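Take a look at the structure below.
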Amino acid sequence: MIRRVLLALSAALVLAACGPPARAAQAAGPTPEQAAEMTRLQGVVDRLTPRTGLIDLPQAHASLNLGDAYYYLDAADSRRVLVELWGNPPANAEGVLGMVFPNGRSPLDDTWGAVISYEADGYVSDAEAAGYDYSAVLTRLRQEQTDNNPAREREGYPTIELAGWARAPAYDPAGHKLIWAKDLVFSDSEIHTLNYDVRVLGRRGVLSLNIVAGMPDLATVTEAAEQLMATVNFASGSRYTDFVEGVDRKAEYGVAGLVAGGAALLVAKKVGLIGIILLVLKKGAVFIIAGLAGAGTWLRRLFGGKAGGEFSTPSSGVAPRAPLEADPGLLPVARPEDEDPDRPREL
């Protein structure tokens, strides 16, 4: 599946490069297979309806105030991206409320996308959030992932090493928002994968925004995750502070449980914690996007340029933001220059 997307992206870049004669001369031109795939994918992109500004999420009783910096794709369009563009099984698009992308960038570009979902598991207590030892959670998750890798291999997935926190979990008690990021190493890629998680707590559940990119994009995604977290607002009556003790249902996990697996913990008694981690980390979208993180590098080497072009959105006049300097307290991982860019990345 990854290979198919790489071929399509290379075709797209060839067509985009045909303007300047010098660059067109460098490109050998797409094969018929590549041209056909590029046409198919571009047709999917042309059917997307990006929206900016205030976005209502009625299923979550919440909204996103995106302004002009980002654009939103609804559930139907997100399904097209996840399934038709990125090659995920249809089941992996179930429960996705929408996706958010940087304005001016297409889902086919070398960029990130945030997957939005909502779990109506009840009120998540933050009573133990302050001072929680998340290093203990990291140690446990690492061991459980190591124990779980043989099962992943049997199911045909690459093994995963949890290298550490790319950003240690941090909870905002005033805004009732949780943010953290994991540094993951997949056995079929030399580029580390950045898995950024944002959770905003409400009266009856949790709104989730999950961003997957390459670790070299840590500074840019960190900035975007902070900004996206600030755009979330629950409607009056559905805010965290609207909880009524003795009336509203409580979730069976707290803030620390969100970091350890969130709603998946509800099935712990049936499948065990190792099984839960398998459920959480075998999402096809993670692997597809992780593969695309290396696609941009391959395409730039092949054609000497940037993958993709401008994506038409209602308000595309926003100047691109300069990447922030990496936080020295985080765990930056350099992009390897000696990776074989043409190595197949089949799932």
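Here are the numbers for the structure shown:
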read-out: Failed condition for GLN145, given (1) at pLDDT below 85; (2) closer than 30 Å to LEU48 by Cα; value: (2)
read-out: From ALA36, ALA91, ALA76, residue being part of a helix (DSSP H, G or I), without any contact (Cβ under 8 Å) to a residue 40 or more places away in the chain, within 30 Å of GLY237 (Cα to Cα) and open to solvent by 10 Å² or more (accessible area, probe 1.4 Å); value: ALA76
read-out: Filtered residue count, segment 130-164, keeping only those that are open to solvent by less than 60 Å² (accessible area, probe 1.4 Å), outside any strand (DSSP E or B), closer than 23 Å to ILE191 by Cα and among the β-branched types (Val, Ile, Thr); value: 1
read-out: First in segment 153-173 and within 13 Å of SER135 (Cβ to Cβ), second anywhere and among the aliphatic types (A, V, I, L, M) and open to solvent by 40 Å² or more (accessible area, probe 1.4 Å), Cβ under 9 Å, 6 or more apart; value: GLY164/LEU331; TRP165/LEU331
read-out: Whichever residue in segment 193-208 is part of a strand (DSSP E or B) and among the charged types (D, E, K, R) and, among such residues, is farthest from ALA60 (Cα to Cα); value: ASP197
read-out: Residue tally, condition at pLDDT 90 or above and on the phi > 0 side of the Ramachandran plot, over segment 20-48; value: 0
read-out: Matching residues, segment 168-192, being open to solvent by 50 Å² or more (accessible area, probe 1.4 Å) and in a strand (DSSP E or B); value: ALA168, ASP172
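The values are calculated or read from the model by the stated rules, or taken from the named source; none is laboratory data. Nothing here was measured: the structure is a model prediction, and the numbers come from that model. Cβ atoms come from the backbone with ideal geometry, glycine included; neighbour counts cover every protein chain shown. Heavy atoms of the whole protein, side chains included, go into the accessibility calculation; ligands, DNA and RNA do not. Shrake-Rupley method; radii C 1.70, N 1.55, O 1.52, S 1.80 Å.
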